[in-house]
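Q: First the structure, which I've put down as structure tokens, then a few questions once you've had a look.
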Amino acid sequence: MRSELPMSASPASPSPPNLQALPVSPFAPAFANAQPDAAVDTPAARLARAWRALDAVPDPEIPVVSIRDLGILRDVTLAPDGVTIEVAITPTYSGCPAMSQIEEDAGRALEAAGLAPWRVRTVLAPAWTTDWITDAGRANLRAYGIAPPGQCASTIARDSIVQPLRFVPRARQARPEVVACPRCGSVHTQELSRFASTACKALYRCLDCREPFDYFKPY
Ligand SMILES: [Zn+2]
């Protein structure tokens, strides 16, 4: 914040007021939604605006869920220059084709909010897990006709950076999942195919209402 103030005072001019001693206005946060203005656009206000702007960015593959609710958006910080918005993103799996689209959408949202410059940082560890999908994200998935993922079987080593290399999908190590139909709620469902519209989903059908649906596999 201080670095954005004009530093034009020459040695000959009267010494500027001691900025550190100035009281912080208790009303400052109320102006966080106002147009960008150096006087009120504090780092905290910029970050809050950035979070709000990114909150509205949908996942390209499942547009009913935002990248924040999907757990892809990990953090929003200011770069060391104090100006650049740095967006930390963890892909759902390495090589996810939607990542460049997500980067582009995030940047566009920030620019629309007057928050350029920005940059995206990809964070690969810890690896993304379906456990990071928020409750709001799960509710949106269900409303969209996709059964949200159950709790992941192996969450213990999740927060550690080092993870064992696995050749078996984690979901299969667990007991067979009970997948509720997103339309009627019946647990009387059957897996038709391990893969559906995308690799991260399985194709199910409900044996009660007869509707097929996608199940977002936990991993
Ligand atoms: Zn059903």
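Bear in mind these aren't lab numbers, they're just calculated from the coordinates by the rules spelled out. In this text the structure is predicted, and so the values were computed from the model without any measurement. Note that each Cβ is placed from the backbone with ideal geometry, even for glycine, and that neighbours are counted across all protein chains shown.
Q: Report ³J(HN,Hα) in whole Hz for each residue of the stretch 105-111, in order, from the Karplus equation J = 6.51 cos²θ - 1.76 cosθ + 1.60 where θ = phi - 60°; Gly and Pro get x.
A: Using θ = phi - 60°, the values come out as 5, 5, x, 5, 5, 5, 5 Hz.
Q: Given H placed 1.01 Å from N in the peptide plane, which residues other than close sequence neighbours of LEU78 have an amide H under 5 Å from its amide H?
A: Result for LEU78 returns GLU86.
Q: Using θ = phi - 60° and the Karplus form 6.51 cos²θ - 1.76 cosθ + 1.60, what ³J(HN,Hα) does each residue of the stretch 121-127 get, whole Hz, x for Gly and Pro?
A: Here the 3J(HN,Hα) series is 10, 8, 10, 9, 10, x, 5 Hz.
Q: Also, I was wondering about something else. Please compute the net charge surrounding VAL123, taking Lys and Arg as +1 and Asp and Glu as -1 over other residues with Cβ under 10 Å from its Cβ.
A: Net charge in that neighbourhood comes out at +1.
Q: Same structure again: Using θ = phi - 60° and the Karplus form 6.51 cos²θ - 1.76 cosθ + 1.60, what ³J(HN,Hα) does each residue of the stretch 80-85 get, whole Hz, x for Gly and Pro?
A: x, 6, x, 10, 5, 7
Q: So, one more: Cβ under 15 Å from HIS188's Cβ, HIS188 left aside: what net charge do those residues give with Lys, Arg +1 and Asp, Glu -1?
A: Value of the local net charge: -1.
Q: VAL123 versus PHE195, label points 7 Å from Cα toward the beta carbon: distance in nm?
A: 3.0 nm
Q: Cut-off is 10 Å between beta-carbons; in what order do SER193, SER66 appear when sorted fewest neighbours first?
A: Ascending Cβ contact count within 10 Å gives the list SER193, SER66.
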